[in-house]
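Trainee: Can you read through this structure? Questions will come right after.
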Amino acid sequence: LVHKKKEEKKKEDPDPQQAPPEGGADASPSASASATGPAGVAAAAIATATAATGTATSSTAPASGSSPTAAAAAGNNNNNNAEGAASPTAASSAGGEGAEGDAKRKKTTPTAEELSLQRWTKVTEDMHGLLTQGSVLALCHFLCQAGSGYSSSAEGDTFQMTTDILVSLAASESHFDMVRAELMRVLVALVTDIEASLAQCEAMTAEPSTLETRFLRVVRALAEVFKGSETDHRIEEFLGEAKVDKLWEALDSTLDRLADTEVLATPAQRLLSSGAAPSAVRVESSSGLSEETRAHLASNVPATPPKPLLNRLLPLIEAFFVLHDGNKEAAQDKKDKEERGKANEEQGITAAAHVFADLLEVSLVEKAPLGQFCKRHRTPLNALVKQTPSLLSKSFTPLLKHMPMCLDFDNKRANFRSQLRSRRLESRYETIRLRVRRSEIFIDSYHQLKDRTGEEMRAKIQVQFHGEEGVDAGGVGKEWYTALAREIFNPNYALFIQAGGKACTYHPNPMSYVNPDHLRFFKFIGRVVGKAIHDSQNLEAWFTRGFYKHMLGKKVIPADLEAFDPEYFSNLKWMLDHDITNVVELTFCAESDELGQQKIVDLKPHGRDLPVTNDNKHEYIQLMAEHKMTKAVQQQIDSFLEGLHEIVPPELLSVFDDKELELLISGLPDIDIEDLQANTEYHNYTPQSEQVQWFWKVLSEFNQEQRAWFLQFATGTTRVPVEGFKGLVGMRGPQKFSIHRAYGADRLPSAHTCFNQLDLPDYPSEDVLRQKLLQAVREGHEGFGFA
């Protein structure tokens, strides 16, 4: 039908005033032949509706009540017919000659949006008058009973057109009651049939069915029909009358049977599932990982595709998200948080039980059906997203928007990469060429990039190190990121301070103002981190838990102080657990020694005159933690975020949590030799070759520092991708590590970092191989030259 409409539009007389051919849009023999039965009546109804203004169009018209922007978008697809469908106002504006006519035209000529709305208003009025009751019922029957919904794009377009016409007709009370009654009849029958069908389905042998697809079409039509503030409350009554809740119960029970669905997980995903923080694993790796941790970081374990029953349930899950999008609860939750925030500011007291609790508030969305459904069926939902990632940008949008904590890191990251790719295609800039001195890499890079816009920074960067022969086909760029990341924390710049604890993490330095360019440097560092995320490059950079939360726009809590200053955290914890009356003498101020001068900052108005007591110590702890992790470095944080968000929009980052962001920036915390061996290719060697066996034995004996040297020597970076070594990237995209046979036992091993390639000579013994390999990685893990 849509194809026929397009053909008619091509043949249409360009004169907008010309009347349509006799018989309307379905006067062709094919249309006449099909005009029998409900489907034929529906086709005739669609043709009548789309020809109501004397124009035949295959573009989907906007629903009644849709936004002017949407209406304009639909109207602009048919610009050739704009004049014929315009209102008398638009027509009159075309009259008048000379200066008077021009003045009148300027005053009365409607905008494109107004023209589109006028056209659609006339379409609606004509449809209400032209379509009979039988035609309306035939449209309902066609939408609910015909086709599969997945057979072709033309069929999908036809169903969408049918839905749009019914939605427009339902704007009038007479047609609304008619459409409602017919959809109710169909909906009740579908609910009953689907319930009975699901009770008999087996997970592995479920037969394909059109029932669920038809149900989804009806639900989508209903959601559009009831959209709008005037009728919004009626859809709940409608669904209750159709007993749709029983179908959701059946869906819950069926999905519970699929809770053991296997999902292919990367080492990063398995690490996060274990609950371990990447920084803690990095500390553990320095002394040797436990068997349990090694299992989480092992090579990818293959998983079976989703069971047939799960794919059959997909339309039902999509229908659930259509009816439970979480927008109302999210809006109410935002309003409640604002009111609570104002109340807390007035009271200035935090409950003792929650001062150091690292607990997330349970939002209204999480309590709502959407939140309960996502948490209960996390595994099958992630399996479906893994199979069809585009679901997150379509019907599964509520899951991504309101319940991202129920999405696996792998699925979030895949969607994140997809969004960045689409933005990259929208803007094309020339390659940025940098020529930097290795000893002054930070300053040289800063001066050559500081005047670039955020859009320009998304372009490819090619690096040339002064005095070195390496040509950047990927490998030199990776080393640039590695070397630059180390310089970021150079104490001579006074930009970051090392946090306490075993993990070597960094936090902005409150005294960075001693460097007059410190805020410009922080913006530059934010851009570097954003550029690395954008380019899927991992940095040798680890920040405090609180700083990651600032990047995500999430609230920092007192519990985050433990990773920043463990000793001070212990002191505050002791205050919370004991009676401090006559024990400590503190006031609501923060004291610090800055370059020999005592600096006092009030935590609240006149804080230095307010003593800390047993009654208000909870407020003191809250304010002090906020001061140390946020307010004392607010300017530095703001400048960093300004640079970061120029490259990566905050709305894309917000779906991650702090542990996931750490992995996204820094990669895996451990170098797993077994994983590298499982993802290695051989050229003129085999896995059984003597030299290869010796190589893996020697490499497994290296400590973490030596492994990092080797990794930088062979690949240009010390970091492991979150997918494990399977995710190594070379000059032409994904490229596994490879070992090539070289000749000459007196030569050192050489590497091509652009290709993740190691040239290993055929050494005569294991001892010679060990000596040569150690010498190569120790002396050659930095710098480029011809071997």
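Trainee: Within region 587-609, is there a residue that is closer than 20 Å to Asp658 by Cα and within 38 Å of the chain's Cα centre (by Cα)?
Mentor: no
Trainee: Something else about it: Just to be sure before I move on: is Phe521 under 30 Å from the mean Cα position of the chain (by Cα), crowded, with 21+ Cβ neighbours inside 10 Å and farther than 23 Å from Phe656 by Cβ in the structure I sent?
Mentor: On the way: under 30 Å from the mean Cα position of the chain (by Cα): yes; crowded, with 21+ Cβ neighbours inside 10 Å: yes; farther than 23 Å from Phe656 by Cβ: yes.
Against the criterion (under 30 Å from the mean Cα position of the chain (by Cα), crowded, with 21+ Cβ neighbours inside 10 Å and farther than 23 Å from Phe656 by Cβ), Phe521 qualifies.
Trainee: Take the residues in region 758-787 that are open to solvent by less than 30 Å² (accessible area, probe 1.4 Å) and within 22 Å of Arg719 (Cβ to Cβ); name whichever of them is modelled with the lowest pLDDT.
Mentor: For region 758-787, the residue satisfying everything is Gly783.
Trainee: On to the next question. Of all residues in region 663-692, count the ones that are under 16 Å from Glu723 (Cβ atoms), assigned to a helix (DSSP H, G or I) and open to solvent by less than 20 Å² (accessible area, probe 1.4 Å).
Mentor: The number of residues fulfilling the criteria is 6.
Trainee: Separate question: For region 376-385, indicate whether the set of residues that are touching a Ser or Thr at 6+ places or on another chain (Cβ under 6 Å), open to solvent by 50 Å² or more (accessible area, probe 1.4 Å), polar (S, T, N, Q) and closer than 30 Å to Leu313 by Cβ is non-empty.
Mentor: Yes - at least one qualifying residue is present in region 376-385.
Trainee: Scan region 735-765 residue by residue and report those that are farther than 24 Å from Thr482 by Cα and of a type in the set (Gly, Ala, Ser).
Mentor: Residues satisfying the conditions are Ala742, Gly744, Ala745, Ser765.
Trainee: Pull up region 721-756, narrow it to residues that are touching a Phe, Trp or Tyr at 6+ places or on another chain (Cβ under 8 Å) and not in a loop (DSSP other than H, G, I, E, B), then point me to the one that is surrounded by the most Cβ atoms within 10 Å (Cβ to Cβ).
Mentor: Among residues in region 721-756 that are touching a Phe, Trp or Tyr at 6+ places or on another chain (Cβ under 8 Å) and not in a loop (DSSP other than H, G, I, E, B), the one surrounded by the most Cβ atoms within 10 Å (Cβ to Cβ) is Phe725.
Trainee: Give the residues of region 485-540 that are touching a helix residue (DSSP H, G or I) at 6+ places or on another chain (Cβ under 6 Å) and part of a strand (DSSP E or B), sorted by residue number.
Mentor: Scanning region 485-540 gives His507, Pro508.
Trainee: Out of region 397-443, which residues are open to solvent by less than 20 Å² (accessible area, probe 1.4 Å) and among the acidic types (Asp, Glu)?
Mentor: Residue satisfying the conditions is Asp410 alone.
Trainee: Here is a check on your reading of the model: is Lys460 closer than 30 Å to Asn492 by Cα, touching a residue at least 24 places away in the same chain (Cβ under 8 Å) and open to solvent by 10 Å² or more (accessible area, probe 1.4 Å)?
Mentor: Criteria met by Lys460.
Trainee: Of the conditions (1) in a helix (DSSP H, G or I); (2) at pLDDT below 60; (3) not charged (D, E, K, R), Gly288 clears all except one; give me its number.
Mentor: So the condition that Gly288 fails would be (1).
Trainee: Whether any residue in region 566-583 is open to solvent by 30 Å² or more (accessible area, probe 1.4 Å) and in contact with a strand residue (DSSP E or B) (Cβ under 9 Å, 6 or more places away or on another chain) is what I want to check.
Mentor: The answer is no; no qualifying residue exists.
Trainee: Right, another one. Testing Gly149 on (1) assigned to a loop (DSSP other than H, G, I, E, B); (2) at pLDDT 80 or above, one condition comes back false. Which one is that?
Mentor: The single condition Gly149 does not satisfy is (2).
The values are calculated or read from the model by the stated rules, or taken from the named source; none is laboratory data. Remember, it's a predicted structure, so these values are computed and weren't measured experimentally. No Cβ is skipped: glycine too gets one built from the backbone with ideal geometry, and neighbour counts run over all protein chains shown. Surface areas here come from the heavy atoms of the whole protein model, side chains and all, with no ligands, DNA or RNA. Shrake-Rupley method; radii C 1.70, N 1.55, O 1.52, S 1.80 Å.
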